[in-house]
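Right, one structure below, let's go through it.
Every number in this text was worked out from the coordinates using simple rules, so none of it is lab data. If you're wondering where the values come from, they're calculated on a predicted model, not measured in any experiment. Please note: Cβ atoms are built from the backbone with ideal geometry, for glycine as well, and neighbour counts cover all protein chains shown.
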Amino acid sequence: MKSYLLVLLVGLLLVGCARETRPLRLAPIFSDHAVLQRQQPIRIWGWGAPGATVTVRLDTVTAQTEVDAEGRWLVELPPQEAGGPYTLAVESNGERRVVEDVLIGEVWVASGQSNMEMPLMPRLAGWSPGDSVYGAAEAVRTANYPQLRLLTVERAVALTPQDTFAGTWQVASPQTVATFSAVAYFFGRRLHEALGVPVGIIHSSWGGTPAEAWTGRDHLRELEDFQEIVARLEATEPVLHELEAWRSRLQQIAVPAGNDTTFWATLDLNDGRYAESPLPDTLSMSLPTRWEDTAMGAFDGVVWFQRRVQVPEAWLGRDLVLELGPIDDMDRTYFNGQPVGGYERLGYWNTPRRYRVPAALVRRENLIAVRVIDTQGGGGLWGQPEQLRLYPEGEPDAALSLAGTWHYWPVAELVGRRLYVFGEGPLSYTGRPKLPVSLGPNTPTTLFNGMIHPLIPYSIRGAIWYQGESNVGRASQYERLFPTLIRCWRTHWALGEFPFYFVQIAPYDYGPNARSQRLREAQLRTMLRVPHTGMVVTTDVGDDHNIHPARKREVGERLALWALANDYGFRDLVYSGPIYERMEREDGRLRLYFRYAEGGLVLRPADGGGEFVIAGPDRVFHPARVRVEGETLVVWSPRVSDPQAVRYGWSNTPHATLFNRAGLPASPFRTDDWPEGD
């Protein structure tokens, strides 16, 4: 009996200890200043001691649940109307967690790639000096909206679905909006002004990323194109555990959030010897290239490059010019052990490097060493071969090419906001366990896992999306992939077919071999086929020479038009430009009919600006003549006697010339379905 009681006592103590090691936690999305979705069940969840009772109170509403065997709990509070501020309190096992200044209103998720990520003040967030947002200074100055709340999810790559993320809610003010997504801010501001209720925008995006990175594994495997990579990702999990254990043995340095202007320039990894001493391994790479396209694969961090070069004797005693092309993201460059230049702030990934080498440093045999720091996406010396060269000042025609084989040596890896510094021997780069699949922001499923899944099942009204540039060249695939992404999100959120509004990619010169018009067509077809979706056209606010157009206010406010008209009862709003619907043949001419053309179409200029072409049975397109007749468009050409098809804006850089009376541009379109490459 005594033995039995002793065992029972020990068991109770162990249970108590187990509970003590599982403190009460709320999901990170529940932070001060949060906005909860009105008129829907309010889902609140977190973690605690298995079997413990959890009590949740929001204003006068209370609910209880029990923590499950895996330490998770979730409650659903009944739908509430807009209001606040309230206090959210959670209690369990004598612990209490409190979230203050909680509002109830409208919640939207904003996601995509760089054009969604681009903040109101890009330079403050380390963007290129060539990127800006029209009207940003005024928008920031007047951002006094206590009931507009903003949350940015920090970048995170993950192989498996995650439960947590980094980021907290903020009140919209001049101090907080400058580095928030411009499109998302203008969208949220317009909703808040029109509805007069609290609005919360959850921004989760990453520049340069494809749609498959934002799609969950369970849905992506349905597409034949991705079945092999999904299987390889599943086989990667055991090796990833090995890699994480290996990293835990390394020196770690916390990296500050945002565009810190001094951190990278002052970063000392005790690696300065590589400015003049040989690298410890014979790893080599043919430059220029992005290192993601080499054996390195997806890698962010600090990498040294070296190349030895012999110069003509006549160059001795002369200043030289060293050109390395653009370097992504930052560099510090040495010539025979002495610094000759560098860009050690974010935002200059696209800037060609050109450094003067003083005559006193020049020898017959020389060592060029470049310390490169990459914080996201592509990395390395990535320009054109002719941009890597060395020549006497004033004599570029005498240049020696530096393109070709360079030696390299990674010294630290950046993962999230932590820098892992490689050591010697088995803790050096060559001792790093190699994953079967390179994990990065472009890897399928990784951003859904790290940046979308942690938000689920937070109640939302809908989502806005600006992405597609990174899928140009794969339009046929995107036509299947994009609807799959939307279905994936809707399935996981379990809120029904919530509205999903997106932006058609803007005009941009992708190069002579690109056909971005096909990607725009895939987006248009998605809107026409997938229920409760809507598309904003940007052919009148683009920039042929900058993939990041500056006119973000129009984009955000046009997204808001879709929401206001379709989700909030503003029935009188015109929310879309003309969308081609059908055509009829009339005496050697074609008459085109459109949706969203009530009140008549408008051509600016009246001749269509060269954006219309027409073809006969030979499928050879000729410039077309066009005329507006009410809500239809008549198209013809004296060179086409038997017209069969019309195309509008069918190029990389379409310029809007067809509008409705509300001033919204028509989507580029074609009336044919003739086979055409991506």
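A few notes on this one:
- Residues 604, 332, sorted so that the one with the fewest Cβ neighbours within 10 Å comes first: 604, 332
- Charging the Cβ of each Asp and Glu at -1 and of each Lys and Arg at +1, and nothing else, the dipole of the stretch 579-670 about its Cα centre rounds to 160 debye.
- Viscosity 1.306 mPa s, 10 °C: Kirkwood-radius Stokes-Einstein D of the stretch 40-113 over Cα pairs, µm²/s: 119 µm²/s
- Charge dipole (debye, nearest 20) of the chain; +1 at Cβ of Lys and Arg, -1 at Cβ of Asp and Glu: 440 debye
- Neighbour-count ranking [beta-carbon atoms within 10 angstrom, fewest first] of 641, 428: 641, 428
- Compactness ratio for the stretch 498-564: Cα radius of gyration over 2.2 N^0.38 Å (N = residue count) comes to 1.16.
- Sequence-separation-based contact order of the chain, relative, with Cα cut under 8 Å and 6+ spacing, percent: 13 percent
- Charge dipole of the stretch 358-435 about the Cα centre (unit charges at C-beta), most positive-ward option of 420, 391, 360: 420
- In loop segments of the stretch 565-613 as defined by DSSP, the chymotrypsin sites (Phe, Trp or Tyr not before Pro) with at most 16 further C-beta atoms inside 10 Å of their C-beta are 568, 570.
- The chain: translational diffusion in µm²/s, Stokes-Einstein, Kirkwood Rh over Cα pairs, 10 °C, 1.306 mPa s: 57 µm²/s
- Three-way shape call for the stretch 392-487 based on the alpha-carbon gyration tensor, with the a/c threshold at 1.5: oblate
- The stretch 251-422: mean projected area of Cα convex hull, nm²: 9.4 nm²
- The stretch 265-320 versus the stretch 452-528: alpha-carbon centroid distance in Å: 39 Å
- Among 295, 246, 270 - extreme Cα towards positive end, dipole of the stretch 226-297, charges at beta-carbon: 270
- Other residues lying with their Cβ under 12 Å from the Cβ of residue 446 contribute a combined charge of +1, Lys and Arg counting +1, Asp and Glu -1.
- Fewest neighbouring Cβ atoms within 10 Å first, the residues 637, 248, 667, 651 line up as 248, 651, 637, 667.
- Normalised Debye scattering of the stretch 310-381 at q = 0.24, 0.25 Å⁻¹ gives log10 I(q)/I(0) of -1.00, -1.05, counting only Cα atoms as equal scatterers and leaving out solvent.
- Where only C-alpha atoms are counted, convex hull volume of the stretch 221-263 per residue in Å³: 126 Å³
- Per residue convex hull volume, Cα atoms of the stretch 579-670, in Å³: 84 Å³
- Note on residue 598 and residue 138: with the Förster distance fixed at 45 Å, the Cβ-Cβ geometry gives a FRET efficiency of about 0.85.
- Charge context of residue 513, other residues only, Cβ under 14 angstrom, K/R +1, D/E -1: 0
- Debye log10 I(q)/I(0) for the stretch 344-445, one point scatterer per Cα, at q = 0.13, 0.20 Å⁻¹: -0.70, -1.27
- Largest-first principal axis extents, alpha carbons of the stretch 414-541, Å: 57, 44, 26
- Rounded Å value of the spacing that divides the Cα centres of the stretch 593-616 and the stretch 85-106: 54 Å
- Cβ-based net charge around residue 554, under 14 Å, with every Lys or Arg adding one and every Asp or Glu removing one: +3
- When +1 charges are put on Lys and Arg Cβ atoms and -1 charges on Asp and Glu Cβ atoms, the dipole computed for the stretch 380-535 relative to its Cα centre reaches about 1000 debye.
- In the stretch 423-518, the trypsin sites (Lys or Arg not before Pro) that fall in loop regions by DSSP, at most 14 other Cβ within 10 Å: 434
- Helices meeting the span-like rule in the chain (full DSSP H runs, Cα extent of at least 18 Å along the helix axis, mean Kyte-Doolittle score of 0.0 or higher): 2-20, 182-195.
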